[in-house]
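These notes are about the structure you will find just below.
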Amino acid sequence: MTRGDYERAIWVVREVVHRWDPYGLLASGCPADEFDTEIAAVVTQVPRIRSRTDGAHALSRVFSSAFDSSVSGPRTAPVQGPSCTRRSWRRGYCG
């Protein structure tokens with residue numbers, strides 16, 4: 001992944017995570033960089049994401065590890081996971 005690919009992937013995943021706002025932290029006034037560590041961790045998995053399910057599970061794994069797994073389980077992550085992976089593939093950000 002080139003630096004440009006990485007930056008585009010960060011942008012796509014950030015957009016998805018910010019719309020998802022799984023814990024309502026952004027809506028409650030936390031800084032926009034609140035999830036940057038988790039976003040970067042998801043981006044490291046982008047080359048292995050081949051499907052909507054893979055994307056949802058990547059989000060779930062990262063957020064379950066960092067926060068409460070009851071909020072970020074695979075049943076909540078797919079709402080945004082598929083959007084991220086479809087958009088990423090169309091724009092050539094994955095692989």
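What follows draws every value from the coordinates through simple rules; no lab data is involved. Not measured: the values here are computed from a predicted model. Don't worry about glycine lacking a Cβ; one is built from the backbone with ideal geometry, like all the others, and counts go over all protein chains shown.
Quickly rank 43-53, 11-21 as a protection proxy: mean count of other C-beta atoms within 10 Å, highest first.
Listed from highest to lowest mean packing, they are 11-21, 43-53.
Modelling each spin label as a point 7 Å along the Cα-to-Cβ direction, I'd like the T44/C30 distance in nm, to one decimal.
Simple spin-label model gives 2.0 nm for this pair.
Relative to the present Cα-Cα distance, how much length would full extension add between F67 and Y6 at 0.36 nm per residue of separation?
My answer for the length gained is 19.5 nm.
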